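Trainee: My structure is below; once you've seen it, I'll send some questions.
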Amino acid sequence: MQKFEVAGHEPSIVPDGKWKLVWSDEFDGNELDMTKWDYRLCMMGKRHITWGCEGVRLDGNSNVVFTCYEKDGEICSSQLQTGYNFMDAETPQSDTWGGLRWPIGKLERSKYLKKFGYFECRCKLQKKPGWWSAFWVQSPIIGATLDPATSGAEIDCMESFKPGEVIGHSLHYAGYGCDRNSSMVGNGAKGLDLDVYHTFSFEWSERGYTHYIDGVEDGHCDGPVSLIPSFILISTEVNGYRSPQKRASEEAKLAVGDQFIVDYVRVFDRVDE
């Protein structure tokens, strides 16, 4: 691994070889760049009651800050994404023809999609239990077929469900129903210092996916390899709303005001030598 200098900002940690920076957000300024990002508000075609826009702000010091917040009696959080899939819009309620209904909302044009490369996020993890954070990519047409080569996958680089801990790195493909396939590599990490930034990254290539934590390799997956350009997500979510009760956990209520802080998201391409 080696440093990759970025003018005016912290350097990246990239694998050996020659690289070029092809996309990034350093979160400079005071307003989120909406030419790069949008908010994820729906889950499986339904508006999620606790996913909103109020939990994201730029702090003026080149960070985007995600805050767990309360609104209308619910504990809420925010998710950012550079693209969309067919689950990101509410399922239309009007009939199409013959009383039949197309069960998929409008597929919006993504703002940034990428196939292959090195993806990196530098962040400070949340400090309180009751909500979690993640850095991942997802295909806009995941599940359209059972083959990730033709419909893509979900690649989870970082998921932190407990303060100071990240789990291994997951690959999901063939949709989210009966045909769903999943695997996990790496050990993740425990005891991470919550007062400092950590980097979470992965290289996606024809040879599979290699994941890193703070510049140290933490698992490789040979595949199956997605061949579909995918969009980036940095997200937070509150515990409890996926349970049968569909309400915030007691821990989540105590997490209000806690923060997940992202310094940058960068994408690199290898340069042929």
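The values are calculated or read from the model by the stated rules, or taken from the named source; none is laboratory data. This is a predicted model, so every value here is computed, not measured. Here the Cβ positions follow ideal geometry from the backbone for every residue, glycine too, while neighbour counts run over all protein chains shown.
Trainee: Please determine, by comparing only the residues of region 222-263 that are basic (K, R) and in a loop (DSSP other than H, G, I, E, B), which one is farthest from E206 (Cα to Cα). If you could, list the steps in order and put the result at the bottom.
Mentor: Here is the first cut: in region 222-263, the residues basic (K, R) are 242, 246-247, 253.
From what's left, in a loop (DSSP other than H, G, I, E, B): 242, 246-247.
Values: R242: 34, K246: 40, R247: 42 Å.
Among those residues, the one meeting the criterion is R247.
Trainee: Could you pull out the residue among D218, D195 that is of a type in the set (D, E), outside any strand (DSSP E or B) and either closer than 17 Å to S160 by Cα or modelled with pLDDT of 95 or more (or both)?
Mentor: D195
Trainee: Hey, could you check region 174-215 for residues that are surrounded by fewer than 15 Cβ atoms within 10 Å (Cβ to Cβ) and in contact (Cβ under 8 Å) with a residue 60 or more places away in the chain and say which is nearest to K127 (Cα to Cα)?
Mentor: Step by step, filter region 174-215, then rank; the result is L194.
Trainee: Right, next: Just to be sure I understand, how many residues within region 216-248 are out of contact with any Lys or Arg (no Cβ under 9 Å at 6 or more places or on another chain) and not hydrophobic (A, V, I, L, M, F, W, C)?
Mentor: Start the filter on region 216-248 by keeping residues that are out of contact with any Lys or Arg (no Cβ under 9 Å at 6 or more places or on another chain), which leaves 216-219, 221, 224, 234, 236-239, 242-248.
When the remaining residues are screened for being not hydrophobic (A, V, I, L, M, F, W, C), the result is 217-219, 224, 236-237, 239, 242-247.
Looking only at that region, the number is 13.
Trainee: For region 14-40, which positions are in a loop (DSSP other than H, G, I, E, B), free of Cβ contacts under 8 Å to residues at least 60 places away in the same chain and surrounded by 16 or more Cβ atoms within 10 Å (Cβ to Cβ)? Quick ask: steps written out before the conclusion?
Mentor: Taking region 14-40 and keeping what is in a loop (DSSP other than H, G, I, E, B), we get 15-18, 26-37, 40.
So of that shortlist, the ones also free of Cβ contacts under 8 Å to residues at least 60 places away in the same chain come out as 16, 28-34.
Of everything in region 14-40, just one residue is in a loop (DSSP other than H, G, I, E, B), free of Cβ contacts under 8 Å to residues at least 60 places away in the same chain and surrounded by 16 or more Cβ atoms within 10 Å (Cβ to Cβ), namely L32.
Trainee: With the structure loaded, tell me whether D258 is closer than 30 Å to D147 by Cα, of a type in the set (D, E) and surrounded by 15 or more Cβ atoms within 10 Å (Cβ to Cβ) or whether it fails that test. It would help to see each step written out before you state the result.
Mentor: Working: closer than 30 Å to D147 by Cα: no; of a type in the set (D, E): yes; surrounded by 15 or more Cβ atoms within 10 Å (Cβ to Cβ): yes.
When the stated conditions are applied, D258 does not pass them.
Trainee: Given the structure, is G219 surrounded by 14 or more Cβ atoms within 10 Å (Cβ to Cβ) and small (G, A, S)?
Mentor: Working: surrounded by 14 or more Cβ atoms within 10 Å (Cβ to Cβ): yes; small (G, A, S): yes.
Yes, satisfied.
Trainee: Could you check region 96-120 and list, in sequence order, the residues that are outside any loop (DSSP other than H, G, I, E, B), hydrophobic (A, V, I, L, M, F, W, C) and touching a Ser or Thr at 6+ places or on another chain (Cβ under 7 Å)? I'd like the intermediate steps shown before the answer.
Mentor: If we filter region 96-120 for residues that are outside any loop (DSSP other than H, G, I, E, B), which is where we start, we get 97, 100, 114, 117-120.
When the remaining residues are screened for being hydrophobic (A, V, I, L, M, F, W, C), the result is 97, 100, 119.
F119 - this is the single residue of region 96-120 that is outside any loop (DSSP other than H, G, I, E, B), hydrophobic (A, V, I, L, M, F, W, C) and touching a Ser or Thr at 6+ places or on another chain (Cβ under 7 Å).
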